[in-house]
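Q: First the structure, then my questions, so here it is.
Every read-out reported here was derived from the displayed coordinates using simple, explicitly stated rules and does not represent laboratory data. Not measured: the values here are computed from a predicted model. Here Cβ is always computed from backbone atoms with ideal geometry, including for glycine, and neighbour counts include all displayed protein chains.
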Amino acid sequence: MTRSSSRRAVLAGACAACAATLAGCARYGTSQGLAGPPGLPAYGAPSTSAAPASTASAAGSAPTVLATTAEIPVGGGKVLTAQKIVITQPQVGTFHAFTAICTHQGCIVNAVSGGTINCPCHGSEYNINNGSVVRGPAPLPLAAVAIKVAGASIVLG
């Protein structure tokens, strides 16, 4: 009986090690513990808007200014590496923002050109209008970030 008990212990240990290994290999881009940029929901989680600028001002804190409208070229965009956000302007006066974290392996996108947001790591490209995948290997679109244009400033919200 000692021999079968030993086999069970080995199998139980192997199963536990396998489960722990698989837990660490969860696919990037799911909502399983993947935090987005500070103050934003985890990827795959429903988006919630920040407090309106008037409410934030009434509470004594100014809204977070990300960029000016003049900094975002028409048909292109700007990557804000520190905030992990990319802002685009597909048409004059239309601004969109997305997380700058590629859904393939978590690299930060580094350029906006030719109508796409581009990741340098494995060549993924995303549409500047809606963050959808134009070219993989990215499995999921970039998550939208709520922004507002306040005068010449682009702010969170």
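Q: Quick one: length gained pulling A150 to A70 fully straight, 0.36 nm per residue minus the C-alpha distance?
A: 27.5 nm
Q: Among V109, V133, which comes first, then next, by fewest other beta-carbon atoms within 10 Å?
A: Ascending number of Cβ neighbours within 10 Å: V133, V109.
Q: Hey, can you rank 72-80, 90-98 by average C-beta count inside 10 Å, highest first?
A: With the highest mean Cβ count within 10 Å placed first, the list reads 72-80, 90-98.
Q: Rounded to the nearest 0.05, what FRET efficiency is calculated for N110 and R135 with R0 set to 25 Å and r the Cβ-Cβ distance?
A: Computed FRET efficiency for N110 and R135: 0.95.
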